[in-house]
1. With labels modelled as points extended 7 Å from the Cα through the Cβ direction, what inter-label distance (nm, one decimal) is found for THR94 paired with GLN5?
2. Rounded to the nearest 10 degrees, what's the angle between the helix 69-89 long axis and the longest principal axis of the chain, both from Cα atoms, 0 to 90?
3. So how do 89-97, 26-34 stack up, highest first, on mean other-Cβ count within 10 Å?
4. What net charge do the residues around ALA146 carry, taking every other residue with its C-beta under 15 Å from that of ALA146, with Lys and Arg at +1 and Asp and Glu at -1?
5. When the helices in the chain are scored as -39500 (n - 2.57) per DSSP H run of 4 or longer and the sum is shared across all residues, what 222 nm value do you end up with, to the nearest 500 deg cm²/dmol?
6. Which is the longest stretch in the chain that no exposed loop site breaks, taking sites as GluC sites (Glu not before Pro) with a DSSP loop state and at most 15 other Cβ atoms within 10 Å?
7. Determine the equivalent ellipsoid of the chain by diagonalising the alpha-carbon gyration tensor, then write out the semi-axes as square roots of 5 times the eigenvalues, largest first, rounded to whole Å.
8. In a shell of Cβ-Cβ distance under 14 Å around VAL38, excluding VAL38 itself, what net charge do Lys and Arg (+1) and Asp and Glu (-1) give?
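FYI, it's all coordinate maths here, none of it is from the lab. These figures come from a predicted structure and were not determined experimentally. Positions of Cβ are generated from backbone atoms using ideal geometry, with glycine treated the same way; all protein chains shown enter the neighbour counts.
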Amino acid sequence: MILLQLVCVVIVVSYVAIRASRAEDKALALSRLAILAVTGWIGEDGVIRAYGFYGYSRGWSFFLDRTPLLIVLIWPAVIDSAHLLARRLVPRGTPLVIAAVAGVIVLSDASLIEPIAVHAGLWSWVRSGIFDVPPVGIVGWAYFAAAAVGTFEVIDARRAREASSARSAGRGGLASLVVLLVAPAATHVALVGSWWLLFKWFPGDAAPWTVAVASWAVLTPVALTAWAKRAGQRVPLAELMARAPGAVFFFVLLAASARDDGPLLVYAIAFALPYFALLAHRARLAPRSRAPAAGVD
């Protein structure tokens, strides 16, 4: 467990370093990562305490109440990189559209991460579902990401309409603090609403091979569409590669802990398809974005 946590530290530090090196407004980019960390802890710890649906293994070091410190530091990189990718994929999107795309990207991330982590014993759920993970447990981070990204996008859109003075630019970091209130509250509302409308009635464990086949049925058309539309031409290679260490980590964890679990292996491999499709036509150069969201560039 110590080695695993050290690898997580390296992944987080490398992402922060790459993020800072590419951002036009480094202070804003780093401040938003910090805000995501604090907000994510507020949201997740609140969810654990309010609903008691899952808990982390005591093998983790340095807990902040119910949540391991490393988990608090990892998810900002996941959400921030999803935000960057969403902006590249829908460069003219409204805040709502970009938030929705980022939420879908994080939903895909969580769909991969949760079953592997649970199988490896990093945390556990009290209800069953997809590879021992209830569907509501997968959508929670997607709700949070969409709320946080949407709030950042609204802030950035407002800043873009203002005069580009030093004073207006400097307000981005302070205004971003509103995420501390919006994202956790929106996540709780979405979780409770979707639980009573849908997930409470989910019929227990899903057949593993059915879920594995379904993952390919869903993600293959997504990958083919991305390839046909040459979506990767809008995404600099550096931004795709910034997500690679985390993905590699979970695939190595999968190989180490579930190499005899055929359905889980087949299920997980499907999630690599969209990224291979983006890499097939990825941007040959890595220009800095001229979008107004300085903290997202």
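1. Taking the simple label geometry, THR94 and GLN5 are separated by 4.6 nm.
2. Here the helix axis deviates by roughly 60 degrees.
3. Working: 89-97: 14.1, 26-34: 18.9.
Those peptides, ordered most packed to least, come out 26-34, 89-97.
4. Values: positive: ARG87; negative: ASP80, ASP109, GLU153.
Around ALA146, the surrounding residues sum to -2.
5. Numbers: 12 runs with 205 residues, N = 297.
Helix contribution divided over all residues of the chain: -23000 deg cm²/dmol.
6. Details: sites that count: GLU24, GLU162.
Value returned for the longest uninterrupted segment is 25-161.
7. Working: eigenvalues 175, 104, 70 Å².
Each semi-axis is √(5λ); the values are 30, 23, 19 Å.
8. Details: positive: ARG32; negative: GLU44, ASP45, ASP65, ASP80.
Here the charged neighbours net out to -3.
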